[in-house]
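Undergrad: Take this structure, written in structure tokens, and hold onto it; I'll ask about it next.
The values are calculated or read from the model by the stated rules, or taken from the named source; none is laboratory data. None of the values given here were measured: they were computed from a predicted structure. When we count neighbours, we look across all protein chains shown, and the Cβ atoms used for this are built from the backbone with ideal geometry, even at glycine.
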Amino acid sequence: MRLILCVLTAMIMFAPVFPVSHAYAGGDNIGGAIKSIANVKEPVTIQADSLRYDRKTDTYFAEGHVKIAQKGYTLTSEKAALNEKTGDAEASGKAWLVSPDNIVFADVIKVNFNTKLGVIEKGNILVKKGNYHIRGNPLEKVGEQEYVIKDGKFTTCDAKSPFWYMRARSLDVRMDKDVFAKGAVFYIKGVPVLYMPYVWLPMLKPRTSGFLIPSGGYSTKDGARIVESYYWAPVGNFDSTLTLDYRSLRGLGVADEIRYAQNKDTSLRLYGYYMRDRIIHSDRYNVSLKYQDLFTSDLSGRADINLSDKQFFRDLTDTARERTQRTLDSNVWLDDLQDWGRGYFFGQYTEGLDPTQNNDAIVQRLPEAGLNVVKKQLLNQPLYLSLDSAATNFYKVKGVSGGRFDAFPSLSYDLNLSGLDLEPKVGYRETAYDLTDDNSPKYDDERGLFGAGIKAQTDLYKLYRFDSGPLQGVRHTFIPAIAYDYVLRRGGTNFPDFDGIDTYGRRDMIAYSLTNRFVLKYRDGAPSPRMDFLTVKFSQFYDFYADTFIGARRRNFSSLYGEVSYRSSSRLTLNNDFRYDFYQGSIRSVDTDLRYDSKDKLWHAGIGQRYSLDAEQTFMSPSYFDFFTPSTDFASEFLVNKAEEESTVDFLTMDGGVKLGTHWDFSAKIWYDLHTGNLRETDGSATYSSQCWGLTFDYFNSPTRKQYMVMLNLKGIGNVKF
């Protein structure tokens, strides 16, 4: 029996040591044990038709249905032999070794019990993690986790005739790292497609340096496109990706992305792209730097620097969000966090991406320093002090520039009266300016704002129970909220318009919101015990000053703002928000997303709408209502008309996806502009995915560009180096 134990021990291909037991548990066939084996931990069961010992050669022989098992490991063969003196062992005749991580099957397995090294003749190693199949004759185990293979074959396909495989004159396989091949040929469906004298492939280690699988496509604006990247990971916390982006009509682009992470608080990402564009005969570039660091337990810093030529995102990127962005911001932060709040330093530079836009008129914050106190409790009472203060230097090449100091201390008190939450608040805001203008001499100004207000909110609920059916109950929660703000303004008549702080003025305003929330509770055994079924919220405010007019009519009420969120199990979801103007009898904005997923998750469909007459306008509901928060829902007649002419957004989105069989996935999305009657964008994707390979086709169409992309994925090969 000892020979079986030794064979089993030495041939656990991916474990450095496999303990062998003194004991045995015999099956129906002959069984036995040799007690001279040391370092025994786990019991072993042994079965064989016959067992004999040759004293002259000190060799044990087992024949007929040999089977050995030990804690998740099983070896089967027709014959097995062990030399007690040398430790040489051999299992032959359909030898199989099954371990938790791997499977080895071969005609003959030869090992040495003492060195744990050996040879597999006409064998195959299956690495379960990654589904790697490694074949050869012979496969020689030269190290604890290393094999040298002659006439080797490598694939991740299970089929007898794999879709793809690599055949090499020799393979050096390190199970915990990579595969190195000499004289390698890649085959697809048995047809040789690529010869490489040397190849490295990652093996159970995702961060391995090498070439990534190339991708390619075609665009009417770029021509044929081929993208090839090299991934370099010299150490565990640093890597880099160098990319060549060839576009036949434009030229060759070169990009590099460097990533570094010292720990979860300190990281850096640097990206750069350059191309000499043959179409517009100009240099194209994009540079971004993202860095964060924790200098001390309190002091942290971040940098987000972005530079680009004006048309880079419009012409050279593949995502709709990047193609439609109008500005590019670069920011630098320095934060000192304390128990009472924080001090900070902030700088921002904004670059306009519209070629017709004059960057000289864009306001830059260079820099801003501030101090914030966040609800510091006073006198061991529910009395809280808050402070927002900032000193900012605004810079413009043309127009008004200069400094602004803004300080806003406030006191609030939290009360709960029989379930009614009250928060009265009082504060004073002082804003002072030191400004210059290209066309006028230096001038100063200051403004004081005294504010007082109160917020009130309560939660009322009722539970409806059911004695039968899938629902156990429905919880209805009604949340009314109201807020009143009063602001008295003193001084200040000549202000620039740097941001919302400069628009603060007098206020006498009340706001309300009504929220209804329905939560379903299912009985035991349901996939989800609780579900937010329906939420409906309405918000509006009333301005007692009401110095805004639409035509000749005073406008006291804001638009009615509504939110609706609906979910029917996990199949139908609806999210909607809107603003309705009672004075004009029209909807100012609507955002809707409706999605349906089939019960078997094999298909889905969705439709959305984006409509706004004033795309830059927002609405503040009572939960965010503050007497020094600007009201942006009102607009003068001039601004309303201008918005309707120039800023109208009105388009539909439609998307869907379907899974056909076990291999094909299709998806598509359409953006249709109802305002102009044009199809803005169409995206489509078809993906074929099998056990060991996949193929993706991407399609993009817009009024200015059509693009086709294709990507081949050979599963198990993340990087290719040659």
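Undergrad: For segment 483-516: of the residues being of a type in the set (Gly, Ala, Ser) and under 44 Å from the mean Cα position of the chain (by Cα), which is farthest from residue 364 (Cα to Cα)?
TA: In this case the residue turns out to be 513.
Undergrad: Check whether at least one residue in segment 637-646 is modelled with pLDDT of 85 or more, outside any strand (DSSP E or B) and small (Gly, Ala, Ser), and report yes or no.
TA: no
Undergrad: Of (1) within 25 Å of residue 427 (Cα to Cα); (2) out of contact with any Lys or Arg (no Cβ under 9 Å at 6 or more places or on another chain); (3) at pLDDT below 85, residue 512 satisfies all except one. Which?
TA: Among (1) within 25 Å of residue 427 (Cα to Cα); (2) out of contact with any Lys or Arg (no Cβ under 9 Å at 6 or more places or on another chain); (3) at pLDDT below 85, residue 512 violates only (3).
Undergrad: Inspect segment 139-152 for any residue being under 24 Å from residue 193 (Cβ atoms), assigned to a strand (DSSP E or B), out of contact with any helix residue (DSSP H, G or I) (no Cβ under 8 Å at 6 or more places or on another chain) and charged (D, E, K, R) and give the result as yes or no.
TA: yes
Undergrad: I would also like to ask the following. Is it the case that some residue within segment 349-364 is in a strand (DSSP E or B), touching a helix residue (DSSP H, G or I) at 6+ places or on another chain (Cβ under 9 Å) and among the small types (Gly, Ala, Ser)?
TA: Checked segment 349-364: at least one residue is in a strand (DSSP E or B), touching a helix residue (DSSP H, G or I) at 6+ places or on another chain (Cβ under 9 Å) and among the small types (Gly, Ala, Ser).
Undergrad: Here is a further query. Scan the strands (runs of 3 or more DSSP E) fully inside segment 173-227 and keep the ones with 1 or more residues being more than 33 Å from the chain's Cα centre (by Cα), at pLDDT 90 or above and crowded, with 19+ Cβ neighbours inside 10 Å.
TA: Values: elements: 178-188, 191-202, 210-212, 215-219.
Correct list: 178-188.
Undergrad: Residue 398 - would you say it is over 27 Å from residue 359 (Cα atoms), surrounded by fewer than 16 Cβ atoms within 10 Å (Cβ to Cβ) and under 41 Å from the mean Cα position of the chain (by Cα)?
TA: no
Undergrad: Among the numbered conditions (1) modelled with pLDDT of 95 or more; (2) closer than 30 Å to residue 653 by Cβ; (3) not aliphatic (A, V, I, L, M), tell me where residue 330 comes up short.
TA: (2)
Undergrad: Quick one: is residue 211 in contact with a strand residue (DSSP E or B) (Cβ under 6 Å, 6 or more places away or on another chain), under 30 Å from residue 278 (Cα atoms) and of a type outside the set (Ser, Thr, Tyr)?
TA: Yes.
Undergrad: So in segment 325-364, with the set limited to residues that are of a type in the set (Phe, Trp, Tyr) and over 28 Å from the mean Cα position of the chain (by Cα), which one is farthest from residue 294 (Cα to Cα)?
TA: My answer is 340.
Undergrad: Would you point out which residue out of 354, 315, 309 is in contact (Cβ under 8 Å) with a residue 40 or more places away in the chain, surrounded by 13 or more Cβ atoms within 10 Å (Cβ to Cβ), of a type in the set (Asp, Glu) and over 24 Å from residue 392 (Cα atoms)?
TA: Values: 354 fails: surrounded by 13 or more Cβ atoms within 10 Å (Cβ to Cβ); 309 fails: in contact (Cβ under 8 Å) with a residue 40 or more places away in the chain.
Checking each option against the conditions leaves just 315.
Undergrad: Do we have residue 242 as assigned to a strand (DSSP E or B) and not aromatic (Phe, Trp, Tyr) here?
TA: Details: assigned to a strand (DSSP E or B): yes; not aromatic (Phe, Trp, Tyr): yes.
Yes, satisfied.
Undergrad: Would you point out which residue out of 406, 467 is in contact with a helix residue (DSSP H, G or I) (Cβ under 7 Å, 6 or more places away or on another chain) and not small (Gly, Ala, Ser)?
TA: Going through 406, 467 in turn, the sole match is 406.
Undergrad: Tell me, which residue of segment 100-132 that is under 12 Å from residue 77 (Cβ atoms) and in contact with a Lys or Arg (Cβ under 9 Å, 6 or more places away or on another chain) is surrounded by the most Cβ atoms within 10 Å (Cβ to Cβ)?
TA: 106
Conditions (1) touching a residue at least 12 places away in the same chain (Cβ under 8 Å); (2) out of contact with any Leu (no Cβ under 6 Å at 6 or more places or on another chain); (3) part of a strand (DSSP E or B); (4) under 18 Å from residue 50 (Cα atoms), marked per residue:
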{"position": "85", "(1), (2), (3), (4)": "yes, yes, no, no"}
{"position": "93", "(1), (2), (3), (4)": "yes, yes, yes, yes"}
{"position": "96", "(1), (2), (3), (4)": "yes, yes, yes, no"}
{"position": "108", "(1), (2), (3), (4)": "yes, yes, yes, no"}
{"position": "115", "(1), (2), (3), (4)": "yes, yes, no, no"}
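Undergrad: Condition (residue is farther than 18 Å from residue 186 by Cα and surrounded by 19 or more Cβ atoms within 10 Å (Cβ to Cβ)) applied to segment 151-167: is it met by at least one residue?
TA: Looking through segment 151-167, none of the residues is farther than 18 Å from residue 186 by Cα and surrounded by 19 or more Cβ atoms within 10 Å (Cβ to Cβ).
Undergrad: Among what's in segment 677-718 and is more than 25 Å from the chain's Cα centre (by Cα) and among the basic types (Lys, Arg), pick the residue that is nearest to residue 650 (Cα to Cα).
TA: Applying the filter and picking the extreme gives 680.
Undergrad: Of everything in segment 237-259, what is of a type in the set (D, E, K, R) and in contact with a Phe, Trp or Tyr (Cβ under 6 Å, 6 or more places away or on another chain)? Give them in sequence order.
TA: 257
Undergrad: Give segment 154-167 a look and list any residue that's in a strand (DSSP E or B) and either of a type in the set (S, T, N, Q) or under 15 Å from residue 140 (Cβ atoms) (or both), or say none.
TA: The one that is in a strand (DSSP E or B) and either of a type in the set (S, T, N, Q) or under 15 Å from residue 140 (Cβ atoms) (or both): 155.
Every residue, every condition in (1) β-branched (Val, Ile, Thr); (2) out of contact with any Gly (no Cβ under 6 Å at 6 or more places or on another chain); (3) surrounded by fewer than 15 Cβ atoms within 10 Å (Cβ to Cβ), yes or no:
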{"residue": "55", "(1), (2), (3)": "no, yes, yes"}
{"residue": "62", "(1), (2), (3)": "no, yes, no"}
{"residue": "68", "(1), (2), (3)": "yes, yes, no"}
{"residue": "71", "(1), (2), (3)": "no, yes, yes"}
{"residue": "81", "(1), (2), (3)": "no, yes, no"}
{"residue": "85", "(1), (2), (3)": "no, yes, yes"}
{"residue": "94", "(1), (2), (3)": "no, yes, yes"}
{"residue": "98", "(1), (2), (3)": "yes, yes, no"}
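Undergrad: Among all residue pairs at least 6 apart or on different chains, which show Cβ distances below 7 Å where the first residue, located in segment 380-395, is on the phi < 0 side of the Ramachandran plot and the second is of a type in the set (Asp, Glu) and outside any strand (DSSP E or B)?
TA: Pairs found: 382/414.
Undergrad: Yes or no: residue 478 under 40 Å from the mean Cα position of the chain (by Cα) and over 23 Å from residue 372 (Cβ atoms)?
TA: yes
Residue-wise test of (1) in contact with a strand residue (DSSP E or B) (Cβ under 7 Å, 6 or more places away or on another chain); (2) within 19 Å of residue 717 (Cα to Cα); (3) among the hydrophobic types (A, V, I, L, M, F, W, C).
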position	(1), (2), (3)
118	yes, no, no
128	yes, yes, no
133	yes, yes, no
138	yes, no, no
144	no, no, no
155	yes, yes, no
158	no, yes, no
163	yes, yes, yes
167	yes, yes, no
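Undergrad: What are the residues in segment 249-272 that are in a loop (DSSP other than H, G, I, E, B) and loosely packed, with under 14 Cβ neighbours inside 10 Å, if any?
TA: If the condition is that a residue be in a loop (DSSP other than H, G, I, E, B) and loosely packed, with under 14 Cβ neighbours inside 10 Å, then 264, 265 are the ones that fit.
Undergrad: Checking residue 297 against (1) surrounded by 15 or more Cβ atoms within 10 Å (Cβ to Cβ); (2) modelled with pLDDT of 90 or more; (3) not in a strand (DSSP E or B), only one condition comes out false. Which one?
TA: The failed condition is (1).
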